[in-house]
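S.K.: Provided herewith is a single structure, encoded as structure tokens, for subsequent inquiry.
Every number in this text was worked out from the coordinates using simple rules, so none of it is lab data. All values derive from a computational prediction rather than experimental measurement. All Cβ positions, even for glycine, are placed from backbone atoms using ideal geometry, and neighbour counts span all protein chains on display.
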Amino acid sequence: MNEAWEYTRRLLPFVVIILVYESFRSVADKLNSHIHYSFMPHLDKALFGKLPTAALQQWWWQGHVQWYDIVLYIPYMLFFIVPIGTAILVWKTRDQYYWQVVTAFSLLFFGAFLTFLAYPTAPPWLATQRGVIQPITRISSDVWSSLGIHNFPSLYNHLAPNPVAAFPSLHGGVSLLFSLLVFKLYGRRWGLVSLIYPVLITIGVIYEGEHYASDVLAGFLYAIAAFYLAPHVLDWIKSGWTKLARSSSTKTALKSAK
């Protein structure tokens, strides 16, 4: 019973933060309906000479699902599991850093949300539907079909109700933040192993048409910012809480004195 309460006390605030983020994200495109379709592909072409998504699909996409399409999509589906799993791992093994980890992921989520709100951006598969870029296959849909789920667009709309939250790539951001935390808390050896995750995410989301390369790079920058800001934000919160507690104690003491 005590262990169940401890899990609830530790994890419930983090889960609530993620659910609040999801609620906000789902309405971001309704608050700002000016969708940007062309800037990101132009940026990708300026940086790489061509669209990395188109190049990867020309190399690897066979017109039907291969084993590596599924392998590259599995990390994509771990989006919410990784932050919560990381929080549990750190709580059990490096408890003094638990709230710093929660703060870092929270900063990443809500920093991205503000960007989704200010600058809603279409992913490659949606830009293709509008005729903005060359044909790009949304390979994730074919992956789901190969698993027997043929109404992927309807399912996706329930799981990710904002299709224009492409910049920055939170999948990229979460994956890199995970690795940065592993490097810091568990050392170089495990940190190097953890890099498998952001590498697979980067290749997967670009290849399968979910993000531009620039989206992923932006997600990495957001992750780095969240990683370095988290300790300072946490100290600021603790300082504010301490001042509030002292002020409350002083007021209570004055009332008692009267």
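S.K.: Full extension from residue 81 to residue 235: what is 0.36 nm times the residue separation minus their Cα-Cα distance, to one decimal in nm?
M.R.: Details: separation 154, 0.36 × 154 = 55.44 nm, distance 2.67 nm.
That works out to 52.8 nm of additional length.
S.K.: Residue 36's amide H: which non-local residues (gap 5+, or another chain) put their own amide H closer than 5 Å, with H modeled 1.01 Å from N in plane and none for Pro or chain starts?
M.R.: For residue 36, whose amide H was placed from the backbone, the distant partners under 5 Å are 121, 122.
S.K.: Please say if the stretch 52-138 is rounded, prolate or oblate, where rounded means a/c under 1.5 for a ≥ b ≥ c the square roots of the C-alpha gyration tensor eigenvalues, and otherwise the choice is prolate for a/b larger than b/c and oblate otherwise?
M.R.: Values: a/c = 4.32, a/b = 1.68, b/c = 2.57.
Verdict is oblate for the stretch 52-138.
S.K.: Report the full-extension gain for the segment residue 59 to residue 184: residue separation times 0.36 nm, less the Cα-Cα distance, to one decimal in nm.
M.R.: 41.4 nm
S.K.: Shifting gears a bit: Starting from the alpha-carbon convex hull of the stretch 168-232, give the projected area averaged over all orientations, in nm². Walk me through the numbers on the way to the answer.
M.R.: Details: hull surface 15.8 nm².
Average projection, Cα convex hull of the stretch 168-232: 3.9 nm².
S.K.: Let me ask something additional. What is the calculated FRET efficiency for residue 33 to residue 67, with r their C-beta to C-beta distance and R₀ = 35 Å, to the nearest 0.05?
M.R.: Result of the calculation: an efficiency of 0.30.
S.K.: Per 0.36 nm of contour for each residue apart, how much would the distance between residue 8 and residue 119 grow if the chain were fully extended, relative to their Cα-Cα spacing?
M.R.: Gain on extension, residue 8 to residue 119, equals 36.4 nm.
S.K.: Take the Cβ-Cβ distance between residue 15 and residue 130 as r, set R0 to 41 Å, and report the resulting FRET efficiency rounded to the nearest 0.05.
M.R.: 0.70
S.K.: Considering every pair of different Cα atoms, what Kirkwood radius, in Å, is found for the stretch 37-96?
M.R.: 14.9 Å
S.K.: Give me Rg/Rg_expected for the stretch 83-232, where Rg uses Cα atoms only and Rg_expected = 2.2 N^0.38 Å with N residues.
M.R.: With N residues counted in the stretch 83-232, Rg over 2.2 N^0.38 Å equals 1.12.
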